[in-house]
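Have a look at the structure below, then the notes.
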Amino acid sequence: MFGRKDKEAETVVAVLAAALRRDIAFGELPPDAKLKIEPLRTRYGGSAHSMREALVQLSVEGLVEATAQRGFRVASATQADLEDITRLRVEIECLGLRWSMDKADVDWEGRVVAARHRLSRIEQDIASNPLELAMEWEEFNHRFHTALIDACGSPRLLEMHERLYNQSRRFRLAALNEGVVDFEASKADHDTLIDAVLDHDPDKAISTLKAHIIGRNGRSRHH
């Protein structure tokens, strides 16, 4: 009796969360901005309950901060935040890659190669139209990095990686918008990663992935 209504409510919350997530990523909702329910409803639609649920969901992801006294606000996005996210992401993603390579089979290798191919295709086109293709590039980049660890056998590790990846999205899209994403270096890293995966060389794969996330000179390459 109530199943359809519950499913529709979940869909509305998911749509609102996706819209908020995108606007946080692109800076339309800037870091530390207060998020008041009624103005957000006017802008995005939905009920007060649905909007609150969407904000709670984003707070779990680390994109929104919630306090009993001050309500909701967009999480900060400082250089220190980026460095902290990157440091943790390196540890989690490299561990997930090692565990995945320990369990490696042909199906996993095929998923990694396919995800790399899709990302490579979008990166061939994005230089000419970065803003229009930004979210498509971001999605394929996400799929590639998730494919690298999705055979790790740890749902908790995958969940933690997803949170960190989502929290780093704003920095990647800002770098893309500023024209400072080094696609040539990224392509070289990805090619080396694929070779190491197919050669069953976990040390090479992990060292490449670590350098790829951190970037040259200890600065994140925003991938």
Expressed in nanometres to one decimal, the distance between label points 7 Å along Cα→Cβ at GLU159 and ASP107 is 2.3
Which order do the peptides 185-194, 30-39 come out in when sorted by mean C-beta neighbours inside 10 angstrom, highest first? 185-194, 30-39
Would region 149-217 count as rounded, prolate or oblate if I go by the C-alpha gyration tensor, calling it rounded below 1.5 in a/c and otherwise prolate when a/b exceeds b/c, oblate otherwise? oblate
Which one, LEU131, VAL112, PHE72, projects farthest toward the positive side of the charge dipole computed for region 68-146 from Cβ point charges (K/R +1, D/E -1)? PHE72
Expressed in square angstrom to the nearest 10, the accessible area of ARG87 with a 1.4 Å probe stands at 150
Ranked highest first by average number of other Cβ atoms within 10 Å, how do 18-24, 197-203 line up? 18-24, 197-203
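Using the Cα centre of the chain as the reference point, and only Cβ charges (+1 on K/R, -1 on D/E), how large is the resulting charge dipole? Debye, rounded to the nearest 20.
The calculated dipole for the chain is roughly 840 debye.
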Return the inverse of the average 1/r over all pairs of distinct C-alpha atoms in region 1-122, which is the Kirkwood hydrodynamic radius, in Å to one decimal. 17.2
Computed over all unlike Cα pairs, the Kirkwood hydrodynamic radius of the chain in Å stands at 18.6
When the accessible area of the chain is split by element with a 1.4 Å probe, what percent falls to carbon and sulfur? 51
Using a Förster radius of 25 Å, what is the FRET efficiency between LEU88 and SER47 based on their Cβ-Cβ separation? Nearest 0.05, please. 0.10
Considering only protein heavy atoms, what is the solvent-accessible area of MET160 at a probe of 1.4 Å, reported in Å² to the nearest 10? 100
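The values are calculated or read from the model by the stated rules, or taken from the named source; none is laboratory data. Note that the coordinates shown come from a computational prediction; the quantities given were computed from them, not determined experimentally. Counting neighbours? That spans all protein chains shown, and the Cβs are built from the backbone with ideal geometry, glycine included. Side chains included, ligands, DNA and RNA excluded: accessible areas come from the protein's heavy atoms. Shrake-Rupley method; radii C 1.70, N 1.55, O 1.52, S 1.80 Å.
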